[in-house]
Amino acid sequence: MIIILMGAPGSGKGTQSKRLVEYFGIPHLSTGDMLREAQKQPTEAGRKIAACIDSGRLVSDELILTLVEERLSHPACQLGCLLDGVPRTTVQAERLDELFRRKNWTLDHVIALCVPQAELVRRLLARATVEGRADDTPDTISQRMEVYQRQTAPLLDFFRSRGLLREVDAVGSPDDVFRRVLSMVNQQTQGSSTRN
Ligand code: B4P
């Protein structure tokens with residue numbers, strides 16, 4: 001099973017991913033986590049990644065695609081995986097589409113977590129007080145929201161036009177949201193097995 005989890009910053013992608021990968025027993029591929037690990041390296045690449053994240057910009061498509069392709073080639077991903085935070089641009093979406101076709105993999109679900117902007121900001125500011133992430137400051141949050149609207153939100157139409165997009169109301173407790181996500185995935189899976 002291949003699942004893509006989309007949503008604005010703070011929509012709960014990381015939170016729901018943890019539950020989904022445990023439930024389905026598939027690997028979790030989070031580009032945010034991969035980049036936070038990579039930025040710790042005392043190299044030019046590590047410094048560039050840190051600068052992008054801290055200012056709320058996206059890192060380059062080339063870097064993301066190299067990291068993701070490398071991770072998807074692991075044997076653990078041969079039976080599926082959950083992509084969390086990728087694709088975030090049209091180039092990433094198109095290149096992943098090509099990669100899946102080359103590998104003869106089917107993308108099963110694209111789930112978009114829907115949360116109003118005021119709630120997103122509230123969550124990220126609350127996380128700042130707990131985790132102190134460098135990109136959870138008010139200025140960087142507003143930059144990330146702007147980047148999301150400009151570069152990532154158009155992908156919802158990309159997946160909608162392919163009949164793959166499932167939008168889930170992601171306001172409520174993390175467990176409530178998880179129940180909604182799961183029921184959406186199960187409905188969809190049953191629907192496609194009935195059609196086959
Ligand atoms: P990510 O790590 O993907 O960060 P995010 O979008 O802020 O997080 P997420 O939506 O997962 O929020 P979370 O569950 O933690 O990316 C970080 C940066 O990396 C990007 O800004 C970018 O620079 C770079 N990057 C990543 N992928 C990239 C790509 N493909 N291309 C280029 N650049 C890329 O939830 C947030 C908070 O809300 C948490 O505190 C959580 O506890 C809380 N929360 C979650 N669900 C809740 C609920 N239901 N109710 C109340 N609070 C909730």
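The values are calculated or read from the model by the stated rules, or taken from the named source; none is laboratory data. Treat the numbers as computed from the prediction; the structure is a model and nothing was measured. Neighbour counts run over all protein chains shown; Cβ positions are idealised from the backbone, glycine included.
Here's a check for you: in the range 1-28, which residue that is in a helix (DSSP H, G or I) and among the hydrophobic types (A, V, I, L, M, F, W, C) is farthest from the ligand (Cβ to nearest atom)?
Start the filter on the range 1-28 by keeping residues that are in a helix (DSSP H, G or I), which leaves 13-24.
Next, only the ones that are among the hydrophobic types (A, V, I, L, M, F, W, C) stay: 20-21, 24.
On the way: L20: 12, V21: 13, F24: 18 Å.
In this case the residue turns out to be F24.
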| query | Hey, among L125, L82, L107, L99, which residue is surrounded by fewer than 20 Cβ atoms within 10 Å (Cβ to Cβ), closer than 23 Å to M184 by Cβ, modelled with pLDDT of 95 or more and more than 8 Å from the ligand (Cβ to nearest atom)? | reply | L107
| request: Taking the residues in the range 170-196 that are in contact with a strand residue (DSSP E or B) (Cβ under 6 Å, 6 or more places away or on another chain) and at pLDDT 95 or above as candidates, determine which candidate is nearest to F24 (Cα to Cα). | output: V181
| Out of all the residues in the range 129-148, which are over 20 Å from the mean Cα position of the chain (by Cα) and either within 19 Å of V59 (Cβ to Cβ) or more than 8 Å from the ligand (Cβ to nearest atom) (or both)? | T129, G132, T137, P138, D139
| query | For the range 34-47, what are the residues that are without any contact (Cβ under 8 Å) to a residue 12 or more places away in the chain and either assigned to a helix (DSSP H, G or I) or basic (K, R) (or both)? | reply | E37, K40, E44, G46, R47
| remark: Scanning the range 53-73 for residues that are over 17 Å from the mean Cα position of the chain (by Cα) and assigned to a loop (DSSP other than H, G, I, E, B) gives S73
| request: Among the residues of the range 85-96, write down those that are of a type in the set (S, T, N, Q), part of a helix (DSSP H, G or I) and surrounded by 15 or more Cβ atoms within 10 Å (Cβ to Cβ). | output: Q92
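Going by what's in this entry, would A76 be described as assigned to a helix (DSSP H, G or I) and either more than 22 Å from P174 (Cβ to Cβ) or touching a Phe, Trp or Tyr at 6+ places or on another chain (Cβ under 7 Å) (or both)? Reasoning before the result, please.
Details: assigned to a helix (DSSP H, G or I): yes; either more than 22 Å from P174 (Cβ to Cβ) or touching a Phe, Trp or Tyr at 6+ places or on another chain (Cβ under 7 Å) (or both): yes.
It is true that A76 is assigned to a helix (DSSP H, G or I) and either more than 22 Å from P174 (Cβ to Cβ) or touching a Phe, Trp or Tyr at 6+ places or on another chain (Cβ under 7 Å) (or both).
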| Looking only at residues in the range 53-67 that are without any contact (Cβ under 8 Å) to a residue 12 or more places away in the chain and within 11 Å of the ligand (Cβ to nearest atom), which one is surrounded by the fewest Cβ atoms within 10 Å (Cβ to Cβ)? | E62
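Do we find that E70 is charged (D, E, K, R), under 18 Å from V181 (Cβ atoms) and without any contact (Cβ under 8 Å) to a residue 12 or more places away in the chain in this structure?
no
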